[in-house]
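Peer 1: Quick one: the structure is below, and I'll ask about it shortly.
The values are calculated or read from the model by the stated rules, or taken from the named source; none is laboratory data. All values derive from a computational prediction rather than experimental measurement. Every residue, glycine as well, gets a Cβ built from its backbone with ideal geometry; the counts of neighbours run over all protein chains shown.
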Amino acid sequence: MSRKQKKMLVRIIAAAVIFAAGMFIPESEELFSVLWFVRFGVFLCAYFTAGWDILWKACRNIAHGQVFDENFLMAIASVGAMIIGEYSEGVAVMIFYQVGELFQSVAVGKSRKNISDMMDINPEFANVERDGEVSEVEPDEVQVGETVVIKPGERVPLDGEVIFGSSGLNTAALTGESALREVTVGDEVISGSVNTNGLLKIRVSKPYSDSTVAKILELVENSSDNKARTENFITRFARVYTPIVVVAAVLLAVIPPIFVGDWGGWIYKALTFLVVSCPCALVISVPLSYFGGIGGASRYGIMIKGANYLEALAKAQTFVFDKTGTLTKGTFAVSGKKPEGISASELLSYCAAAEQFSNHPIAASIVKAAQAQGGIPKAENAEELAGFGVKAVVDGKEIAVGNYRLMEKIGVNITEQKSAGTIVHCAVDGKYRGYITVEDEVKENGKDALAELKRLGAERTVMLTGDRELTAKAVAKAIGVDEVQFQLLPDGKVKAVEELYRSKLPNSTLAYVGDGMNDAPSLARADVGIAMGGLGSDAAIEAADIVLMNDNIQNLPLSVRIARKTRRIVMENIVFALGVKLAVLVLTVFNIGNMWAAVFADVGVSVIAIINAMRCMRIK
Amino acid sequence: MKKTFKLVDLDCANCAAKMETAIKKIDGVTAASVSFMNQKMTIEADDARFDDIVKEAVKVCKKVEPDCEIVLK
């Protein structure tokens, strides 16, 4: 509790004690008798102890032209109750209101702190090494190229490259992943991660303002600018709600008693209306829920740029995926070997031997596979034939490794193979010895993620790719997307998104999931652009509305679940708050409700709505 | 130009909404947002008159919620 809140608590307790004392003084039959004065004086004392600031604010705000302000409404209601002789009620309402306000302020403060702690990735200082001396400076004072020392337990202040030491980095605050990232000399480190065990020295590669941590902080800070439609709706609603209830209160105080009398009773009802007309419970519960949802998501490395995107994602029914880097790993691996006349391992050895000097990703994948099976033979006279493949001499044998056209060129007759992935043929001394297929690997959990999306009600899943038909269809089948569009040029993807956008179901949204690598226009065009593997990719962080910091595609259905849960809680809060308020209004008219119920409908409901909203943070 | 200001003692969500509406009505303001949760206010307005606009915004906020202080820096 802050000092202000503690002071309030003391005031409330004091007021409650005085109030309790007042309750022991018997009610006097006679108005303005000594006993009456004592009792009234004690209540008045309790009343001012609890609510002097409300009265003061009410007067001051009226002077500023703020008529339907909460303080004013509470002041009128409680003073009104005193005037019509309900002293204890007037005091109790004020005390109860202050208790509710205090509770609300503590709860909001606490939840705000919880969430901001979770998002706290800001490095406070950097140990910069200048002329052999280490000094502590603000991260934004460090220049590119300078050396920064990071001790175990400290946060990496700036992006850079390790020049000394090795350690495990904890990136949980950024990616939600608990596994440590091992780094050593030559590796890139990302600001915002925490150094766990070894001393590291890094050479700074980017100024603080361009570093990962600054980018993410900016994203988090700006997220509150993009308000959800529900939030804007509810604040607009509050603007008409309060005046309507106040007008109803005035009418209730004047019209019925003209016909049936009992002025005091009707005025009491009208005052109750005024208490119920405070809109805060409604107004507070919506942004708090979204705030909680965004905070909860950040724990899993899901960065959401605004409540409006969380809201849009909850309604997403069309999911469009980019293939490479999103559904597949974007790295190649040997997926099949078809030897002819030699063993499969021989085939791989020959291919790897010839390819080992090439730096093409496909060659690298073959070399990697051969190393895994036990080493690569030496090769001589390696020669790269651009567009065809490579030739080399291994164990005195002439090896040719490459595509179909290479085989044709060296006079080896084969039939062209049709298969998903890239085919690498191999000929030894002019004789065909089979082929290896190399494929971009499908992400292991991609299938589960897609299945979960379906369960969550995704009507349509579409994969877009620039790849050939066979490759595209094989990936689509492996991962379980409904539709696939292949051989698209980069601008073809945006057009495809555009078309899908037109054919989506009404009142639903379209989400595009990419890696931000060259699909920024598609990310922007969709209702919700989601970028995978945002950590280390500025393009993704900038272009997308939602950034999945790590590469785990399971976080996609998780985001949808968070969005849905948040939306449900928002709806619950709105229905609950409005429902209770309306119920109390109706009950009051029929003489069942009283001012106590009205105060509950105001602050009690706020508190319950706040507690409910906090559930948004907790998602399994 | 777009700038963010910290708000101290912004105690009620409805006041935040009222402030936002009031700031948006100031001439020259293209976008404004008051976040109760983050206790922050963002104003986007004409470059030339930005300082005057901020002063005006502080004034209207004081009118809505005199206890809330806007940190200008």
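Residue by residue, here is whether (1) within 16 Å of the chain's Cα centre (by Cα); (2) crowded, with 16+ Cβ neighbours inside 10 Å; (3) touching a residue at least 24 places away in the same chain (Cβ under 8 Å); (4) outside any loop (DSSP other than H, G, I, E, B) holds:
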| position | (1), (2), (3), (4) |
| --- | --- |
| A:540 | yes, yes, yes, yes |
| A:553 | yes, yes, yes, no |
| A:556 | yes, yes, yes, yes |
| A:560 | yes, yes, yes, yes |
| A:578 | no, yes, yes, yes |
| A:581 | no, yes, yes, yes |
| A:584 | no, yes, yes, yes |
| A:587 | no, yes, no, yes |
| A:592 | no, no, no, no |
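Peer 1: Counting only residues that are in a strand (DSSP E or B) and aliphatic (A, V, I, L, M), which one in region B:5-19 is farthest from residue B:56 (Cα to Cα)? It would help to see each step written out before you state the result.
Peer 2: Quick first cut of region B:5-19, residues in a strand (DSSP E or B) only: B:5-8.
Retained after the next criterion (residues that are aliphatic (A, V, I, L, M)): B:7-8.
On the way: B:7: 16, B:8: 18 Å.
Going through the qualifying residues, I end up with B:8.
For every residue, the table says whether it meets (1) buried (at least 23 other Cβ atoms within 10 Å of the Cβ); (2) closer than 21 Å to residue A:14 by Cβ; (3) at pLDDT 85 or above.
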{"position": "A:76", "(1), (2), (3)": "no, no, yes"}
{"position": "A:79", "(1), (2), (3)": "no, yes, yes"}
{"position": "A:98", "(1), (2), (3)": "yes, yes, yes"}
{"position": "A:107", "(1), (2), (3)": "no, no, no"}
{"position": "A:113", "(1), (2), (3)": "no, no, no"}
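Peer 1: Next up: Residues A:1, A:8: which one is in contact (Cβ under 8 Å) with a residue 60 or more places away in the chain, surrounded by 13 or more Cβ atoms within 10 Å (Cβ to Cβ), in the same structural domain as residue A:104 (by TED's automatic domain parsing) and not in a helix (DSSP H, G or I)?
Peer 2: Numbers: A:8 fails: not in a helix (DSSP H, G or I).
So the residue among A:1, A:8 that is in contact (Cβ under 8 Å) with a residue 60 or more places away in the chain, surrounded by 13 or more Cβ atoms within 10 Å (Cβ to Cβ), in the same structural domain as residue A:104 (by TED's automatic domain parsing) and not in a helix (DSSP H, G or I) is A:1.
Peer 1: Looking only at residues in region A:214-258 that are of a type in the set (Gly, Ala, Ser) and closer than 17 Å to residue B:35 by Cα, which one is farthest from the other protein chains (Cβ to nearest Cβ)? Can you show your working first?
Peer 2: Going through region A:214-258, the residues of a type in the set (Gly, Ala, Ser) turn out to be A:214, A:223-224, A:228, A:238, A:248-249, A:253.
If we keep only those that are closer than 17 Å to residue B:35 by Cα too, we end up with A:223-224, A:228, A:238.
Working: A:223: 8, A:224: 4, A:228: 12, A:238: 6 Å.
Only one residue fits best here, namely A:228.
Peer 1: While we're here: Among the residues of region B:20-51, write down those that are away from every other protein chain (no Cβ under 11 Å) and either crowded, with 24+ Cβ neighbours inside 10 Å or charged (D, E, K, R) (or both). Explain how you work it out, then say what you get.
Peer 2: Our first condition is that a residue be away from every other protein chain (no Cβ under 11 Å); within region B:20-51, this holds for B:23-30, B:45-51.
Selection gives B:23, B:24, B:25, B:27, B:45, B:46, B:47, B:49, B:51.
This table checks each residue for (1) part of a helix (DSSP H, G or I); (2) under 20 Å from the mean Cα position of the chain (by Cα); (3) over 25 Å from residue A:539 (Cα atoms); (4) free of Cβ contacts under 8 Å to residues at least 60 places away in the same chain.
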position: A:198; (1), (2), (3), (4): no, no, yes, yes
position: A:202; (1), (2), (3), (4): no, no, no, yes
position: A:218; (1), (2), (3), (4): yes, yes, no, yes
position: A:221; (1), (2), (3), (4): yes, yes, no, yes
position: A:227; (1), (2), (3), (4): no, yes, no, no
position: A:250; (1), (2), (3), (4): yes, no, yes, yes
position: A:273; (1), (2), (3), (4): yes, no, yes, no
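Peer 1: Say whether the condition of being within 14 Å of chain B (Cβ to nearest Cβ) and of a type in the set (D, E, K, R) is met by at least one residue in region A:298-308.
Peer 2: Of all residues in region A:298-308, those within 14 Å of chain B (Cβ to nearest Cβ) come to A:298, A:304-308.
Then drop every residue that is not of a type in the set (D, E, K, R), which leaves A:305.
Yes.
Peer 1: Where in region A:458-534 are there helices (runs of 4 or more DSSP H), lying wholly inside it, with at least 2 residues that are in contact with a Phe, Trp or Tyr (Cβ under 8 Å, 6 or more places away or on another chain), within 27 Å of residue A:304 (Cβ to Cβ) and of a type outside the set (Lys, Arg)? Working first, answer last.
Peer 2: Values: elements: A:469-479, A:490-502, A:520-525.
Where helices (runs of 4 or more DSSP H) fall fully within region A:458-534 and carry at least 2 residues being in contact with a Phe, Trp or Tyr (Cβ under 8 Å, 6 or more places away or on another chain), within 27 Å of residue A:304 (Cβ to Cβ) and of a type outside the set (Lys, Arg), they are A:520-525.
Okay, residues lined up against (1) within 13 Å of chain A (Cβ to nearest Cβ); (2) of a type outside the set (Val, Ile, Thr); (3) without any contact (Cβ under 8 Å) to a residue 40 or more places away in the chain; (4) touching a Leu at 6+ places or on another chain (Cβ under 6 Å):
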residue: B:2; (1), (2), (3), (4): yes, yes, no, no
residue: B:63; (1), (2), (3), (4): yes, yes, no, no
residue: B:68; (1), (2), (3), (4): yes, yes, no, yes
residue: B:71; (1), (2), (3), (4): no, no, no, no
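Peer 1: Looking at (1) in contact (Cβ under 8 Å) with a residue 24 or more places away in the chain; (2) out of contact with any Gly (no Cβ under 7 Å at 6 or more places or on another chain); (3) of a type outside the set (D, E, K, R), find the lone condition where residue A:300 falls short.
Peer 2: Evaluating residue A:300 over (1) in contact (Cβ under 8 Å) with a residue 24 or more places away in the chain; (2) out of contact with any Gly (no Cβ under 7 Å at 6 or more places or on another chain); (3) of a type outside the set (D, E, K, R) leaves (2) as the failure.
Peer 1: Also, quick follow-up: Just checking, does region A:173-196 include any residue being in contact with a helix residue (DSSP H, G or I) (Cβ under 9 Å, 6 or more places away or on another chain), within 14 Å of chain B (Cβ to nearest Cβ) and either of a type in the set (A, V, I, L, M, F, W, C) or in a loop (DSSP other than H, G, I, E, B) (or both)?
Peer 2: No - not one qualifying residue is present in region A:173-196.
Peer 1: Anything in region A:119-130 that is over 19 Å from residue A:205 (Cα atoms) and not hydrophobic (A, V, I, L, M, F, W, C)? List them, or say none.
Peer 2: Once the filter is applied, which keeps residues that are over 19 Å from residue A:205 (Cα atoms) and not hydrophobic (A, V, I, L, M, F, W, C), region A:119-130 yields only A:120.
Peer 1: Within region A:49-71, restricting attention to residues that are part of a loop (DSSP other than H, G, I, E, B) and not hydrophobic (A, V, I, L, M, F, W, C), which residue is nearest to residue A:275 (Cα to Cα)? Steps first, answer last, please.
Peer 2: From region A:49-71, those part of a loop (DSSP other than H, G, I, E, B) are A:64-69; that's our starting set.
Next cut, not hydrophobic (A, V, I, L, M, F, W, C) only: A:64-66, A:69.
Working: A:64: 21, A:65: 20, A:66: 17, A:69: 11 Å.
For region A:49-71, the residue satisfying everything is A:69.
Peer 1: Same structure again: Out of the residues in region A:97-128 that are among the aliphatic types (A, V, I, L, M) and within 13 Å of another protein chain (Cβ to nearest Cβ), state the one that is farthest from the chain's Cα centre (by Cα).
Peer 2: Within region A:97-128, the subset among the aliphatic types (A, V, I, L, M) is A:99, A:102, A:106-108, A:115, A:118-119, A:121, A:126, A:128.
Add one more test, that the residue is within 13 Å of another protein chain (Cβ to nearest Cβ), and what stays is A:102, A:106-108, A:115, A:119.
Values: A:102: 29, A:106: 24, A:107: 21, A:108: 19, A:115: 11, A:119: 10 Å.
Out of the qualifying residues, it is A:102.
Peer 1: Same structure, new question: Among the candidates A:74, A:94, single out the residue that is away from chain B (no Cβ under 14 Å), in a helix (DSSP H, G or I) and closer than 30 Å to residue A:614 by Cβ.
Peer 2: When all the criteria are applied, what remains is A:94.
Peer 1: Working carefully through the options A:88, A:135, A:111, find the one that is in a strand (DSSP E or B) and of a type in the set (Ser, Thr, Tyr). Working first, answer last.
Peer 2: Values: A:88 fails: in a strand (DSSP E or B); A:111 fails: in a strand (DSSP E or B).
None of the others qualify; the one that does is A:135.
Peer 1: Looking at region A:419-449, which of its residues are in a strand (DSSP E or B) and among the polar types (S, T, N, Q)?
Peer 2: Residues of region A:419-449 that are in a strand (DSSP E or B), as a first pass: A:422-428, A:431-442.
Those that are in a strand (DSSP E or B) and among the polar types (S, T, N, Q): A:422, A:437.
Peer 1: Kindly check whether there is at least one residue in region A:270-291 that is over 21 Å from residue A:576 (Cα atoms) and more than 9 Å from every other protein chain (Cβ to nearest Cβ).
Peer 2: Kept after step one, since they are over 21 Å from residue A:576 (Cα atoms), are these residues of region A:270-291: A:270-271.
Still in the list and also more than 9 Å from every other protein chain (Cβ to nearest Cβ): A:270-271.
The answer is yes; a qualifying residue exists.
Peer 1: From the list A:366, A:376, which one is among the hydrophobic types (A, V, I, L, M, F, W, C) and part of a loop (DSSP other than H, G, I, E, B)? Give the steps one after another, and end with the answer.
Peer 2: Numbers: A:366 fails: part of a loop (DSSP other than H, G, I, E, B).
Selected residue: A:376, the only one of A:366, A:376 that is among the hydrophobic types (A, V, I, L, M, F, W, C) and part of a loop (DSSP other than H, G, I, E, B).
Peer 1: Go through (1) away from every other protein chain (no Cβ under 14 Å); (2) without any contact (Cβ under 8 Å) to a residue 60 or more places away in the chain; (3) buried (at least 21 other Cβ atoms within 10 Å of the Cβ) and name the single condition residue A:312 misses.
Peer 2: Failed condition: (2).
Peer 1: Sticking with this one: Report, by residue number, each residue of region A:107-126 that is more than 30 Å from residue A:606 (Cα to Cα) and touching a Ser or Thr at 6+ places or on another chain (Cβ under 7 Å).
Peer 2: Of everything in region A:107-126, just one residue is more than 30 Å from residue A:606 (Cα to Cα) and touching a Ser or Thr at 6+ places or on another chain (Cβ under 7 Å), namely A:123.
Peer 1: Please specify each residue of region A:398-418 satisfying the condition of being in contact (Cβ under 8 Å) with a residue 40 or more places away in the chain and either surrounded by 16 or more Cβ atoms within 10 Å (Cβ to Cβ) or not in a loop (DSSP other than H, G, I, E, B) (or both).
Peer 2: Just the residues of region A:398-418 that are in contact (Cβ under 8 Å) with a residue 40 or more places away in the chain, to begin with: A:399-401, A:418.
Within region A:398-418, A:399, A:400, A:401 qualify.
Peer 1: Continuing with the same structure: Confirm whether residue A:21 is in contact (Cβ under 8 Å) with a residue 40 or more places away in the chain and either away from every other protein chain (no Cβ under 14 Å) or surrounded by fewer than 17 Cβ atoms within 10 Å (Cβ to Cβ) (or both). Break it down stepwise before answering.
Peer 2: Values: in contact (Cβ under 8 Å) with a residue 40 or more places away in the chain: no; either away from every other protein chain (no Cβ under 14 Å) or surrounded by fewer than 17 Cβ atoms within 10 Å (Cβ to Cβ) (or both): yes.
Spelling it out, it is not the case that residue A:21 is in contact (Cβ under 8 Å) with a residue 40 or more places away in the chain and either away from every other protein chain (no Cβ under 14 Å) or surrounded by fewer than 17 Cβ atoms within 10 Å (Cβ to Cβ) (or both).
Peer 1: To continue, here is another question. Checking residue A:321 against (1) of a type in the set (A, V, I, L, M, F, W, C); (2) under 18 Å from residue A:527 (Cα atoms); (3) free of Cβ contacts under 8 Å to residues at least 24 places away in the same chain, only one condition comes out false. Which one?
Peer 2: For residue A:321, the exception is condition (3).
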